[in-house]
1. Just give me the residues in the stretch 1-27 being under 15 Å from residue 43 (Cα atoms) and not in a strand (DSSP E or B), in sequence order.
2. For residue 94, state whether it is assigned to a loop (DSSP other than H, G, I, E, B), closer than 20 Å to residue 4 by Cβ, free of Cβ contacts under 8 Å to residues at least 12 places away in the same chain and of a type in the set (Gly, Ala, Ser).
3. Exactly one condition in (1) surrounded by fewer than 17 Cβ atoms within 10 Å (Cβ to Cβ); (2) in contact with a Lys or Arg (Cβ under 7 Å, 6 or more places away or on another chain); (3) closer than 26 Å to residue 30 by Cβ is not met by residue 114; state its number.
4. For a quick check of your reading of the model, give me the residue pairs whose first member lies in the stretch 125-142 and is closer than 15 Å to residue 174 by Cβ, whose second is crowded, with 19+ Cβ neighbours inside 10 Å and modelled with pLDDT under 85, with beta-carbon atoms closer than 6 Å and at least 6 apart or on different chains.
5. Does residue 75 satisfy being in contact with a strand residue (DSSP E or B) (Cβ under 9 Å, 6 or more places away or on another chain), assigned to a helix (DSSP H, G or I) and touching a residue at least 12 places away in the same chain (Cβ under 8 Å)?
6. Would you point out the residue of the stretch 34-73, among those that are over 48 Å from the mean Cα position of the chain (by Cα) and either among the aromatic types (Phe, Trp, Tyr) or under 18 Å from residue 102 (Cα atoms) (or both), that is surrounded by the fewest Cβ atoms within 10 Å (Cβ to Cβ)?
7. Could we say that residue 138 is over 18 Å from residue 19 (Cα atoms), part of a strand (DSSP E or B) and of a type outside the set (Asp, Glu) here?
8. Out of curiosity, is residue 106 part of a helix (DSSP H, G or I), of a type in the set (Gly, Ala, Ser), surrounded by fewer than 17 Cβ atoms within 10 Å (Cβ to Cβ) and out of contact with any helix residue (DSSP H, G or I) (no Cβ under 8 Å at 6 or more places or on another chain)?
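The values are calculated or read from the model by the stated rules, or taken from the named source; none is laboratory data. The structure presented is a predicted model; accordingly, all values stated were derived computationally and were not measured. Please note: Cβ atoms are built from the backbone with ideal geometry, for glycine as well, and neighbour counts cover all protein chains shown.
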Amino acid sequence: MRPLELTLRGFQSYASEQTFDFRDRRLLGVVGPIGSGKSSLLDGIAFALYGKTPRAGRGTRDLINQRGASAHVELWFEVEGEIWRAVRALRRKGQSAHNLYRHAEADAESERLEEVTGERAMTARIDELLGLDFDAFNRSVFLAQNRFAEFLQATAAQRDAVLKGVFGFDRLDQMAVVAKARRDDVREQLADLERLRSEVEADRETLGKTTPALEAARVRSAELDASHAKASELEAATEAGRRDVERAERRLGELEDVAAQLPARKQTAELLVRASAGSDQLEAAEATLASATDDLEAARRHHA
């Protein structure tokens with residue numbers, strides 16, 4: 001984080017608005033007599049970022065100038081090439097204001113690319129941007145008067161956290177977390193592959209055991225197919241035999257009917273013989289009659 005510009009109004013010893021430009025300065029020293037506002041300047045930076053100062057704590061109205069009813073703090077700063085503007089305001093009566101903006105340029109009239117509103121949301125975003133919470137910021141980047149000894153007396157873990165945040169080593173911890181998560185994922189994938197390999201081996205063994213049974217079943221299936229064809233032929237032959245039997249039965253019935261009618265046929269034959277004889281006699285009679293008729297006509301002609 002690199003501060004660019006700080007504006008204070010009604011904040012501690014700065015009753016009227018004062019703006020401090022930090023641009024184009026590689027090394028900056030703040031010097032002056034006691035009570036000239038050096039600490040207020042540093043408190044303004046801390047308050048603009050975190051909404052509290054090392055001496056006054058969070059949101060206290062003691063930060064408001066004694067002659068004012070409100071305090072306004074505005075800090076322009078740069079983080080990894082991005083321009084941000086932090087604005088916080090305190091009022092003796094009424095609610096405070098907390099706003100964080102990301103601008104396209106270091107100009108209040110430039111386009112706002114991001115906006116965060118609310119004390120907690122703004123402070124959380126600042127923690128994320130700087131990689132330091134308020135305590136770590138005070139122990140490292142911003143040491144208030146007589147607080148350097150506190151940093152030296154901090155525990156190893158506290159100093160480690162501060163230095164990681166200052167030099168960006170906290171990213172190594174993040175990378176370690178990501179690497180560990182990926183390692184765990186790879187281990188799970190390997191375990192899944194090992195289970196799959198075991199299942200494949202078991203399936204292969206089962207397949208080896210079932211292959212003879214499958215071959216026997218294939219042979220049995222072929223035999224059943226052949227038997228089915230033979231059975232179909234037998235069924236066709238049986239059906240043909242059944243039809244022959246039916247025809248024979250019908251013929252037998254007809255013969256039996258004929259046999260039953262044989263006596264009647266004998267009588268009919270006798271009648272036919274008799275009728276034939278009668279026919280002969282009739283023809284003889286008819287011939288005799290015709291002869292007699294001829295003789296009668298001849299006699300009539302003779303007498304005439």
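1. Residues of the stretch 1-27 that are under 15 Å from residue 43 (Cα atoms), as a first pass: 3, 5-15, 18-20.
Listed by number, the residues that qualify are 10, 12, 13, 15.
2. Values: assigned to a loop (DSSP other than H, G, I, E, B): yes; closer than 20 Å to residue 4 by Cβ: no; free of Cβ contacts under 8 Å to residues at least 12 places away in the same chain: yes; of a type in the set (Gly, Ala, Ser): yes.
Answer is no for this residue.
3. (3)
4. 131/165; 132/165
5. Details: in contact with a strand residue (DSSP E or B) (Cβ under 9 Å, 6 or more places away or on another chain): yes; assigned to a helix (DSSP H, G or I): no; touching a residue at least 12 places away in the same chain (Cβ under 8 Å): yes.
Spelling it out, it is not the case that residue 75 is in contact with a strand residue (DSSP E or B) (Cβ under 9 Å, 6 or more places away or on another chain), assigned to a helix (DSSP H, G or I) and touching a residue at least 12 places away in the same chain (Cβ under 8 Å).
6. 45
7. So residue 138 fails the test.
8. Working: part of a helix (DSSP H, G or I): no; of a type in the set (Gly, Ala, Ser): yes; surrounded by fewer than 17 Cβ atoms within 10 Å (Cβ to Cβ): yes; out of contact with any helix residue (DSSP H, G or I) (no Cβ under 8 Å at 6 or more places or on another chain): yes.
The answer is no for residue 106.
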